[in-house]
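Undergrad: Take a look at this one; I'll ask things after.
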Amino acid sequence: MTWAGFFELLTYPFVLRAMAVGAMISLCASMLGVVLVLKRYSLIGHGLSEVGFASLSVAAALGLPPLLVAAPVVLLASFAILFISQRWRVGGDIAIAVASSAALALGVLATALGSGLNTDVYGILFGSLLATTEGDVAVSAGLALLVVTAFLLFYNRLFLITYSEDYARSLGICVPLYQLLISALTALTVVMGMRMMGSLLISSLIILPAVTARHVAAGFRSLVFLSAGVSIFCFSLGIILSVIWDLPTGASIVLTNVGALLLTRMTDCLRRCAQ
Amino acid sequence: MTALKLENVTIRYGGTVVVDGVSLAVEEGELLCIAGANGSGKSSLLRGILGLVPLAGGRVERGRAAFVPQSEDADRDFPATVWEVVLTGTQCPGWRLPLYSRSGRKAAARAIADFGLTSLARHEVGTLSGGQMRRVLLARALSGHTGLLLLDEPCTGLDPAIRRLLYGLLGRRCHEEGTAVLMVTHNLNEVRAFAGEEALSGRVAFMEHGRLSVAGPLRSYGEEQA
């Protein structure tokens, strides 16, 4: 594709919608990702996306509206993961593994008993960013507003709870309330992100920008800002490369994120060697 | 006035009783030292007072407290600066927006300066030595100006000069602000010596198999031993 053709593509409403939704979901996932990665809940995005896959498969099999089924189910699953990891005194990774295995099995069962691996299921697994609607833009904008507002208003609490839950509890701070807030926002981001990236790739939007930014950032605040910046940059570059070379959008975005991670990792290693 | 009151506090881990019917009271401006062998339930008692472990029985009455844990539960590679960590000590519970006030920032800066951490304020905590990290945790606890301080072996890894500084600061807090201090320690002789210098009124209690016995005033501890 020529550059003129590329710029002409940017005038199409569906491309602009995809860019807007993608940028907003990337922003949400990367900011929440900082808290989740540092709390060692990195794989919660993966676990919740499999719960999303199961609920969307059941919705497709029963002919129900997909988002109306997926959003509450994933929300409940995120609370269940939190509850299991805290009350059963098992690690977050075990709670995620239990939820995701059960959900994946249910999703496969629903797919097999329903219409099989049709285009709906293919869309759930791999996403369809260019098929986003104006409704998706509005929901993504609302979600981004919620996440940014939560970080602006409760930044100090989120920092404290991420750094030391015990110290926050000892000060009398209601830790479960903030954990529920992060869980709920993560669940909604995963549901929206699944439409964009697919259930197989959405967790990378949560994990990779935070891990990349960690190599550069000094302090929590700069990590949040850098993670958001890296995520939006990699999303934009990934979608441009996918349009120019006609590649799958989700995969291009993920591989751009992986490239950024490798680049910062190498730069970090070289800097350490030079010292 | 009483800053901390425990009535028949019991803590169980599974079927094992680790704190067995402990009752005590710590008055404003008082220092209570708890000593005892490893595994006698000292740290569990502190965690029970703070609500970090559920009580199997009994009651805790206390106001706002600050805590220095035996070991921090945070990861060493967490991207937090000394300033960010110490500032968290000034957070208050409640429904107000958790924004740091000017007085909170001043208190944090003062605590950082008190523990000789000013030059390290922008450093990440993961780059600090064990002793420096201990000073960060102490600065965090003292920045909050709470009525009750719970210190779990606060002198571990500190050099003598910083230990002396800590006792001086605790003495000032007890005398000037009426702060009550509950300290778990293995070094009663040192606490007694410094408390004497700071003219602190203190008591000693011993824990054994989860039971607490209050032995008496701190100043007479050495004489009893002799």
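Where a number appears in this text, it was derived from the coordinates with a stated rule and is not lab data. Computed from a predicted model, the values in this text were never measured in an experiment. All Cβ positions, even for glycine, are placed from backbone atoms using ideal geometry, and neighbour counts span all protein chains on display.
Undergrad: Sort all Cα-Cα distances of chain B into consecutive 5 angstrom bins from zero, then give the percent of pairs in each bin up to the one containing the longest distance.
TA: 1, 7, 14, 18, 20, 17, 13, 7, 3, 0, 0
Undergrad: For region A:1-115, report the translational diffusion coefficient in µm²/s to the nearest whole number, using Stokes-Einstein at 4 °C, 1.567 mPa s, and a Kirkwood Rh over Cα pairs.
TA: Translational diffusion coefficient: 80 µm²/s.
Undergrad: Less than 15 Å Cβ to Cβ from B:Val9, Lys/Arg counted +1 and Asp/Glu -1: what total charge do the surrounding residues give? Show your work: numbers first, answer last.
TA: On the way: positive: B:Lys5, B:Arg12, B:Lys42, B:Arg47, B:Arg59, B:Arg62, B:Arg211; negative: B:Glu7, B:Asp20, B:Glu61.
Around B:Val9, the surrounding residues sum to +4.
Undergrad: Let me ask you something else. Please compute, for peptide B:76-89, the average count of beta-carbon atoms on other protein chains lying within 10 Å of each residue's beta-carbon. Each step should come with its number before you reach the end.
TA: Values: counts 0, 2, 7, 14, 11, 5, 1, 1, 7, 6, 0, 3, 11, 3.
Counting Cβ atoms of other protein chains within 10 Å of each residue's Cβ and averaging gives 5.
Undergrad: Let me ask something additional. For chain A, what does the relative contact order come out to in percent, with C-alpha contacts under 8 Å and a separation of six or more?
TA: Details: 385 pairs, mean separation 83.7, N = 275.
Normalised by residue count, the contact order of chain A is 30 percent.
Undergrad: On to the next question. Using Cβ contacts closer than 10 Å as the measure, can you line up A:Arg17, B:Arg105 from fewest to most?
TA: On the way: A:Arg17 19, B:Arg105 14.
In order of increasing Cβ crowding within 10 Å: B:Arg105, A:Arg17.
Undergrad: While we're looking at this one, here's another question. Cα atoms only, the protein assembly as shown: Rg and Dmax in Å?
TA: So, for the protein assembly as shown, Rg and Dmax equal 26.9, 93 Å respectively.
Undergrad: Over region B:28-133, what portion of Cα pair distances is larger than 15 Å, expressed as a whole percent? Don't skip to the end; give the middle numbers.
TA: Details: 4077 of 5565 pairs.
Summing the P(r) of region B:28-133 above 15 Å gives 73 percent of all pairs.
Undergrad: Once you list every other residue whose beta carbon is under 14 Å from the beta carbon of A:Phe154, what net charge do they have if Lys and Arg are +1 and Asp and Glu are -1? Walk me through the numbers before you get to the answer.
TA: Numbers: positive: A:Arg157, A:Arg221, B:Arg96; negative: none.
Its environment carries a net charge of +3.
Undergrad: Counting other beta carbons within 10 Å of each Cβ, put B:Ser201, B:Ser213, A:Ser199, A:Ser55 in order, fewest first.
TA: Working: B:Ser201 14, B:Ser213 11, A:Ser199 31, A:Ser55 28.
Lowest to highest Cβ neighbour count: B:Ser213, B:Ser201, A:Ser55, A:Ser199.
Undergrad: How about region A:147-243: which chymotrypsin sites (Phe, Trp or Tyr not before Pro) there are in a DSSP loop, with at most 10 other Cβ atoms within 10 Å of their Cβ? Spell out each step's value before the answer.
TA: Details: sites: A:Phe151, A:Phe154, A:Tyr155, A:Phe159, A:Tyr163, A:Tyr167, A:Tyr178, A:Phe220, A:Phe225, A:Phe233, A:Phe235; in loops: none.
Counting only loop positions with at most 10 other Cβ atoms within 10 Å, none of the chymotrypsin sites (Phe, Trp or Tyr not before Pro) in region A:147-243 qualifies.
Undergrad: Placing one identical point scatterer on every Cα of chain A and ignoring solvent, what is log10 I(q)/I(0) from the Debye formula at q = 0.07, 0.12 Å⁻¹?
TA: With no solvent term, the Cα-only Debye profile gives -0.25, -0.74.
Undergrad: Can you show me the helix-derived [θ] at 222 nm for the protein assembly as shown, built from DSSP H runs with n ≥ 4 at -39,500 (n - 2.57) apiece and divided by the number of residues, rounded to the nearest 500.
TA: Details: 19 runs with 304 residues, N = 501.
Per the formula, -20000 deg cm²/dmol.
Undergrad: Below 9 angstrom from the Cβ of B:Asp152, what's the summed charge of the other residues (Lys, Arg +1; Asp, Glu -1)? Display every interim value, and only then the final one.
TA: Numbers: positive: B:Lys42, B:Arg47; negative: B:Glu153.
So the surrounding residues net to +1.
Undergrad: Just want the ordering: A:Arg272, B:Arg203, from fewest to most Cβ atoms lying within 10 Å of their own Cβ.
TA: Details: A:Arg272 8, B:Arg203 20.
Arranged by neighbour count, lowest to highest, A:Arg272, B:Arg203 become A:Arg272, B:Arg203.
Undergrad: Let me know the charge dipole size of region A:3-274 about its Cα centre in debye, to the nearest 20, where only the beta-carbon of Lys, Arg (+1) and Asp, Glu (-1) is charged.
TA: Dipole about the Cα centre, nearest 20: 840 debye.
Undergrad: Would you work out the relative contact order for chain B, in percent, from Cα pairs under 8 angstrom that are 6 or more residues apart?
TA: Working: 445 pairs, mean separation 65.8, N = 226.
Computed over chain B, the figure is 29 percent.
Undergrad: Averaged across A:168-181, how many Cβ atoms of other chains sit within 10 Å of each residue's Cβ atom? List each step's numbers first, then the result.
TA: Details: counts 3, 6, 13, 13, 10, 6, 3, 0, 0, 0, 1, 0, 0, 0.
Across the residues of A:168-181, the mean count of other-chain Cβ atoms within 10 Å is 4.
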